[in-house]
């Protein structure tokens, strides 16, 4: 059984031109979709910025795994007649 996401109702003062431009830029059907997509993009951008800072500092992002080469299929031998 999937749970319904918790939703909040907020009152915001936005310039109509800004909201219209945001809706057009992201292809949102509603004002709510435009705000949601904008917040998700902001969160993703902040996360990638934090990751870039960690990499610049030389912090490892996870274990380095040495992946072995795949075995090649055996070659067919020529028959000598």
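See the values below:
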| quantity | calculated |
| --- | --- |
| Helix 31-57 axis, angle to the chain major axis (alpha carbon atoms, nearest 10°) | 50 |
| The chain - convex hull of the alpha-carbon atoms, volume per residue in Å³ | 351 |
| The chain - mean residue ellipticity at 222 nm from DSSP helices (-39,500 (n - 2.57) per run, n ≥ 4, rounded to 500) | -16000 deg cm²/dmol |
| Compactness of the range 16-57 - radius of gyration and Dmax, Cα, Å | 13.6, 42 |
| Contour excess over end-to-end distance, with Cα ends at residue 4 and residue 43 and 0.36 nm allotted per residue | 11.9 nm |
| For peptides 3-9, 39-45, 26-32, sequence by mean Cβ density within 10 Å, most packed first | 26-32, 39-45, 3-9 |
| Residue order, fewest to most beta carbons within 10 Å, for 21, 72 | 72, 21 |
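Throughout, read-outs are computed from the coordinates displayed, never taken from laboratory work. Not measured: the values here are computed from a predicted model. Using ideal geometry, Cβ is built from the backbone for each residue, glycine included, and neighbour counts are taken over all protein chains shown.
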